[in-house]
Amino acid sequence: MNNLVYYSKYFTIISQLVCYDTLNKIWEIFMKKLAVLIISFLLFTPLFATDYTEMSTQELIAIMGYVKPANQKSFEAELKSRVKDMNKKEKKAYLKNLEIIKKKK
């Protein structure tokens with residue numbers, strides 16, 4: 001109960017120092033900035049999609065098993081398109097990672 005009295009006194013002092021209109025303007029500015037932030041996030045999120053075509057074959061092999069489910073199809077398609085061009089070392093690492101992934105499932 002003592003905390004409630006303390007906070008109510010504190011609120012009374014603040015409300016006397018800052019008028020309601022000022023608080024309302026601050027709130028409006030805050031909400032506008034929040035809206036701009038949310039809209040920006042929604043507009044720019046697709047720009048950060050992963051492009052596996054620009055990654056090296058070694059990089060693709062290294063991230064096998066760590067790709068997000070949303071990106072899995074494009075990752076697998078890119079990796080499968082490179083299997084025929086892999087050298088022996090890359091193919092060995094690819095098959096090794098493939099076995100590890102199958103064991104995890």
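The values are calculated or read from the model by the stated rules, or taken from the named source; none is laboratory data. Because the structure is a prediction, the values reported are computed rather than measured. Please note: Cβ atoms are built from the backbone with ideal geometry, for glycine as well, and neighbour counts cover all protein chains shown.
Observations on the model:
- At least 2 residues being modelled with pLDDT of 90 or more and surrounded by 10 or more Cβ atoms within 10 Å (Cβ to Cβ) is the threshold, and among the helices (runs of 4 or more DSSP H) wholly inside segment 1-62 those reaching it are 20-44, 57-62.
- Residue, surrounded by the most Cβ atoms within 10 Å (Cβ to Cβ), within segment 85-99, restricted to residues that are closer than 15 Å to Ser56 by Cβ and either in contact with a Pro (Cβ under 9 Å, 6 or more places away or on another chain) or not polar (S, T, N, Q) (or both): Tyr94
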